[in-house]
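As structure tokens, the structure follows; a few thoughts come after it.
The values are calculated or read from the model by the stated rules, or taken from the named source; none is laboratory data. Only a predicted model underlies this, so the values are computations on that prediction, with no experimental measurement involved. So basically every Cβ, Gly included, is an ideal-geometry build from the backbone, and we count neighbours across all protein chains shown.
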Amino acid sequence: MTASGRFADANAAPYRSLPMRLFNLAGRVPPLAFSLDPERLVAKALQASGRRDLGSLDAFLREGLARLVTSLETEARLDNVGRAIAQENIVDALATRLKLEAYWGQHPDVAERPTVAPLFIVGLPRTGTTFLYQLLDQDEALRAPRTWELSCPPALGRRSTDAQIARTQRWIDRFYAMSPGLQALHNSSATTPEEDFSIFRLELRSTYFSVFFHIPAYLEWVLDGMEASSFALHRRYLQTLAVPGDGRRWLLKSPEHLFRLRALLETYPDAKIVHCHRDPLAVCASEASLITRLHGIGSAAADISVMAGELPAIFARMLDSVWRFRAASASAGAFHDLHFDHLEADPMAALAGVYRHLGVEMSDVALSRLEKFVAENPRHRHGSHRYPAVSRASLAPEVESAFRAYTDTFGIRTGA
């Protein structure tokens, strides 16, 4: 059976409210369409940041911008809502980066703030990383960046903290309103811990943009350069968020870090890493559903069968990169493997293993908070996520081989 046949029932037309339909109709009139011209985007970012130019980052940022815009214009098939979201995201990323560079120039002492033994949660999407992240966040000895902090570091804000939080929450609520059911797939708020991969959007070299738009050529370019990438910006961003004297350990999480493990451990040699595992076929099905829904906010052409065809090869590439790095790395002691089935069946037992890996004891206060969170956050609290299955028979031989090597190496039970 073809991919289109397998996923036809799940590929309903994206939701469009009346305001969204009217906004998209307006975009058919050229003066009302949102521009993605690189020069206009740079000009908007310079105006928003108060800077005159891109400075020493000019060539670096323009390369990523050109590749991103080309993919958006030729591959993403955006309607006017999608173009508005893309423009907002790109201008915000450029403006925030320029503001940060100016701030760091004025505050060189930021680079001296310690980042001691951070804890990273990695794994393919939909492997339980978000639940584990939110669970560990209940321990007040750990410090996870909040969604609003990753939108704009407090040090840069002219607004009060409450105003910045409210602004971020409005942005999230707008997304949920444009895609009913999205919250059941990924629940977030301005004050919950969020994936730190959004820091890399400030380099215009991140999978962040491919979460919202179907841009395979840009994504391929990003992935090609990721293993040789740097965590310097990431560390400086965390140092900017840090409050002097706060000795808490950073808690961080992103699937994208699977491609950046070498740079991660070079920048944070004392880091501890929890690697979450799940049947990759279940991961592909679940993630194809989520990404298609996100793409559908800005494009009526979003198609789950396309994502189901593309994701297995991308994830196989990620798993191959991880396997090669871990097999050759001298940092085996940095990793703790955690299976989705174990986390789902007994979260507190899974946590005990994480704390042993960290070499710390769970305090009584932390234990109480963690148990309370587990009791109050059962699976599917915000609704269930139904998605079509992916079968091994549908995969290309090289993808099936990569998945088999991964599941055999890490002892992962497959049920698809």
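Would you confirm, using the coordinates I've provided, whether Leu182 is buried (at least 20 other Cβ atoms within 10 Å of the Cβ) and out of contact with any Ser or Thr (no Cβ under 6 Å at 6 or more places or on another chain)?
yes
Taking region 327-343 as the search range and keeping residues that are closer than 21 Å to Met226 by Cβ and modelled with pLDDT of 90 or more, which one is surrounded by the most Cβ atoms within 10 Å (Cβ to Cβ)?
Out of the qualifying residues, it is Ala334.
Has region 325-337 got at least one residue that is in a helix (DSSP H, G or I), of a type in the set (Phe, Trp, Tyr) and more than 30 Å from Ala84 (Cβ to Cβ)?
yes
Restricting attention to region 130-163, and to residues there that are under 24 Å from Ala102 (Cβ atoms) and touching a Pro at 6+ places or on another chain (Cβ under 7 Å), which single residue is modelled with the lowest pLDDT?
This residue is Thr161.
Listed here are the residues, each with its yes/no results for (1) of a type outside the set (S, T, N, Q); (2) within 25 Å of Leu65 (Cα to Cα); (3) in contact with a Ser or Thr (Cβ under 9 Å, 6 or more places away or on another chain).
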residue	(1), (2), (3)
Asp79	yes, yes, yes
Glu101	yes, yes, yes
Arg113	yes, no, yes
Val116	yes, no, no
Glu140	yes, no, yes
Arg146	yes, no, yes
Gln164	no, no, yes
Gln169	no, no, yes
Ile172	yes, yes, yes
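I'd like the residue in region 18-34 that is surrounded by 13 or more Cβ atoms within 10 Å (Cβ to Cβ) and either part of a loop (DSSP other than H, G, I, E, B) or free of Cβ contacts under 8 Å to residues at least 12 places away in the same chain (or both) and, out of all such residues, is nearest to the chain's Cα centre (by Cα).
So the residue we want is Phe34.
So, in region 245-255, exactly how many residues are surrounded by fewer than 24 Cβ atoms within 10 Å (Cβ to Cβ) and touching a Phe, Trp or Tyr at 6+ places or on another chain (Cβ under 6 Å)?
Start the filter on region 245-255 by keeping residues that are surrounded by fewer than 24 Cβ atoms within 10 Å (Cβ to Cβ), which leaves 245-251, 255.
Retained after the next criterion (residues that are touching a Phe, Trp or Tyr at 6+ places or on another chain (Cβ under 6 Å)): none.
Selection size over region 245-255: 0.
List the residue pairs whose Cβ atoms are under 8 Å apart, where the first residue sits in region 144-157 and is under 20 Å from Thr115 (Cα atoms), the second is among the small types (Gly, Ala, Ser) and assigned to a helix (DSSP H, G or I), and the two are 6 or more positions apart or on different chains.
Close Cβ pairs (under 8 Å, with a partner that is among the small types (Gly, Ala, Ser) and assigned to a helix (DSSP H, G or I)) amount to Leu150/Ser198.
Any residue at all in region 205-220 that's buried (at least 21 other Cβ atoms within 10 Å of the Cβ) and under 26 Å from His107 (Cα atoms)?
Yes, region 205-220 contains a residue that is buried (at least 21 other Cβ atoms within 10 Å of the Cβ) and under 26 Å from His107 (Cα atoms).
In region 73-107, how many are surrounded by 22 or more Cβ atoms within 10 Å (Cβ to Cβ), free of Cβ contacts under 8 Å to residues at least 60 places away in the same chain and charged (D, E, K, R)?
0
Do any helices (runs of 4 or more DSSP H) entirely within region 230-305 hold 2 or more residues that are in contact with a Ser or Thr (Cβ under 8 Å, 6 or more places away or on another chain) and closer than 19 Å to Pro193 by Cβ, and if so, which?
Those helices (runs of 4 or more DSSP H) span 232-241.
Name the helices (runs of 4 or more DSSP H) wholly within region 113-217 that hold at least 2 residues that are over 15 Å from the mean Cα position of the chain (by Cα) and not charged (D, E, K, R)?
Because the criterion is at least 2 residues that are over 15 Å from the mean Cα position of the chain (by Cα) and not charged (D, E, K, R), the helices (runs of 4 or more DSSP H) in region 113-217 that meet it are 129-136, 161-178, 182-185.
If I ask for residues that are within 18 Å of Leu156 (Cα to Cα) and either touching a residue at least 60 places away in the same chain (Cβ under 8 Å) or exposed (fewer than 13 other Cβ atoms within 10 Å of the Cβ) (or both), which ones from region 35-63 would you list?
Gln47, Gly50, Arg52
Of the residues Arg126, Arg97, Arg67, Arg77, only one is out of contact with any strand residue (DSSP E or B) (no Cβ under 8 Å at 6 or more places or on another chain), within 30 Å of Gly359 (Cβ to Cβ) and of a type in the set (Lys, Arg); which? Don't jump to the end; show me each part of the working.
Working: Arg97 fails: within 30 Å of Gly359 (Cβ to Cβ); Arg67 fails: within 30 Å of Gly359 (Cβ to Cβ); Arg77 fails: within 30 Å of Gly359 (Cβ to Cβ).
Answer to the check: Arg126.
When region 117-135 is examined, which residues are found to be crowded, with 23+ Cβ neighbours inside 10 Å and among the small types (Gly, Ala, Ser)?
If the condition is that a residue be crowded, with 23+ Cβ neighbours inside 10 Å and among the small types (Gly, Ala, Ser), then Gly123, Gly128 are the ones that fit.
What single numbered condition from (1) in a loop (DSSP other than H, G, I, E, B); (2) hydroxyl-bearing (Ser, Thr, Tyr); (3) modelled with pLDDT of 95 or more fails to hold for Tyr15?
Result: Tyr15 fails condition (3) only.
May I ask you to list the residues in region 221-231 that are out of contact with any helix residue (DSSP H, G or I) (no Cβ under 7 Å at 6 or more places or on another chain) and surrounded by fewer than 19 Cβ atoms within 10 Å (Cβ to Cβ)?
Residues satisfying the conditions are Asp224, Gly225, Ala228.
Tally time: how many residues in region 153-171 are closer than 29 Å to Ser17 by Cα and in contact with a helix residue (DSSP H, G or I) (Cβ under 7 Å, 6 or more places away or on another chain)?
Summing the residues that are closer than 29 Å to Ser17 by Cα and in contact with a helix residue (DSSP H, G or I) (Cβ under 7 Å, 6 or more places away or on another chain) in region 153-171 gives 3.
Looking at Asp303, Asp341 in this structure, which one is within 30 Å of Gln183 (Cβ to Cβ) and over 21 Å from the mean Cα position of the chain (by Cα)?
Details: Asp303 fails: over 21 Å from the mean Cα position of the chain (by Cα).
So the residue among Asp303, Asp341 that is within 30 Å of Gln183 (Cβ to Cβ) and over 21 Å from the mean Cα position of the chain (by Cα) is Asp341.
In region 280-300, how many residues are of a type in the set (A, V, I, L, M, F, W, C) and more than 18 Å from the chain's Cα centre (by Cα)?
Selection size over region 280-300: 3.
Within region 373-408, track down each residue that is at pLDDT 60 or above, in a loop (DSSP other than H, G, I, E, B) and basic (Lys, Arg).
Arg379
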